[in-house]
Amino acid sequence: MSEPHPTIRPRPGILDIALYVGGESRLAGRKALKLSSNENPYGPSPRAIEAFHAAAADLALYPDSGHGALRRAISETHGLDPERIICGAGSDEILTFLAQTYAGEGDEVIYTEHGFGMYRIVALAASATPVVVAERERRVDVDAILAACTDRTRLVFLANPANPTGTLLAEEEVRRLAGGLPAAALLVVDGAYAEFVGADFDGAAGLVDARDNVVMTRTFSKIHGLGGLRVGWGYGPRHVIEALNRVRGPFNLSGAALAAAEAAIRDTAHTEDCRAKNAENRARLAADLTALGIPSDPSEANFILARFSSTAEAEACDAALRDAGIIVRRVAGYGLPHCLRITIGDAEGCARVTQAIRAFAGARV
């Protein structure tokens, strides 16, 4: 890192941000099975790919700044009010809008100890103070969050299902959390993995409709397989969405991204097929690793968090997986140095993981 400039300085908090590091994607000199970024092994809907190619004919034109067609598609698929939907360059951008709009110097932003790394980044970027709350056995503790709230609390970030643990907070607990927040605070339910829970899980949409202090975010990067296009969306009360649209850039999503996302969310058969395959492969991989003495909490996402007896064992297993051409995610930065987060691949990919870890475990006996 370079030396600070003597007179030109960023706002307080910016230089305290540690750069976000995404999951590795390559191993030197060979093709790897990438299971480090929770991507969809089956890719996007063929309809989304077709829509993306068709959009190439209009690359000279500015996209729809209001995202009308995509918001209608989201509305019709999920039964939501399109006027209360906002779209962004990944759900990360929606989180950034929320921090820019509702938090600043002297304000506090709460998230839990194993929470997604972007929560701290967006808080510091807004000059707000991050407040980290302990979890209980890798699960969100609502009472601990409520106890941490003060009259300076402006945002509470809750990933549900959580990343990197995969655990799910029950609907009644999310409702209790929303009801117990200070009057000036918003609850932000990050539902990046909500589609993996089940078709009847609304990811807090009903709670958004019932209250004026809850916002839900979702992404097209996970189950919809469009991580390379960066599309996300949020659903909230009118007063929140109207405020966020004042800081959103007018052309924050490309025409090709909008077209592909609209086709993806309308292809509900593809979404359901990916959900079913993920659930089957997730259960099999978790059971296989448990049989090898490597447990994980029940996951409702498209990954499992494998727990090892020590940091050294987790690091040794990671090295063995890399030797086998498999990249998973170390999560020491999330306070879980004895764990590895493993994306659920297709059946063949999961079998490769089991085989490699079985060989590792056998060699350690």
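The values are calculated or read from the model by the stated rules, or taken from the named source; none is laboratory data. Quantities reported herein were computed from a predicted structural model and do not represent experimental measurements. As a convention, Cβ positions derive from the backbone with ideal geometry for all residues, glycine included, and neighbour counts pool all protein chains shown.
When the stretch 225-259 is filtered for residues that are part of a loop (DSSP other than H, G, I, E, B) and either within 17 Å of PHE116 (Cβ to Cβ) or touching a Ser or Thr at 6+ places or on another chain (Cβ under 7 Å) (or both), the ones remaining, listed by number, are GLY227, ARG230, VAL247, PRO250, PHE251. One residue stands out among those in the stretch 27-62 that are touching a His at 6+ places or on another chain (Cβ under 9 Å) and either without any contact (Cβ under 8 Å) to a residue 40 or more places away in the chain or in a helix (DSSP H, G or I) (or both): the one that is farthest from PHE303 (Cα to Cα), which is ARG47.
Residue-wise test of (1) touching a residue at least 40 places away in the same chain (Cβ under 8 Å); (2) outside the structural domain of VAL231 (by TED's automatic domain parsing); (3) under 20 Å from the mean Cα position of the chain (by Cα).
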residue: ALA263; (1), (2), (3): yes, no, no
residue: ASP273; (1), (2), (3): yes, yes, no
residue: ALA276; (1), (2), (3): no, yes, yes
residue: ALA279; (1), (2), (3): yes, yes, yes
residue: ARG282; (1), (2), (3): yes, yes, yes
residue: LEU289; (1), (2), (3): yes, yes, no
residue: PRO295; (1), (2), (3): no, yes, no
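Under the condition of being farther than 28 Å from ASP209 by Cβ and crowded, with 19+ Cβ neighbours inside 10 Å, the residues counted in the stretch 228-253 number 1. When ILE14, ILE49, ILE8 are checked against the criterion of being at pLDDT 80 or above and of a type in the set (Val, Ile, Thr), a single residue qualifies: ILE49. Can you say whether ALA256 is of a type outside the set (Lys, Arg) and more than 30 Å from ALA184 (Cα to Cα), as far as the supplied structure shows? Against the criterion (of a type outside the set (Lys, Arg) and more than 30 Å from ALA184 (Cα to Cα)), ALA256 qualifies. Considering every residue within the stretch 295-307, establish whether at least one is closer than 26 Å to GLU93 by Cα, among the β-branched types (Val, Ile, Thr) and in contact with a Lys or Arg (Cβ under 8 Å, 6 or more places away or on another chain). Yes: one or more hits. The residues of the stretch 82-117 that are loosely packed, with under 15 Cβ neighbours inside 10 Å and under 20 Å from ALA204 (Cα atoms) amount to a single one, GLU83. Across the stretch 152-161, not a single residue is classified as crowded, with 17+ Cβ neighbours inside 10 Å, under 30 Å from VAL328 (Cα atoms) and of a type in the set (Lys, Arg).
Listed by position, the helices (runs of 4 or more DSSP H) enclosed by the stretch 266-365 that each have at least 2 residues that are under 19 Å from ARG138 (Cβ atoms) are 268-291, 311-323.
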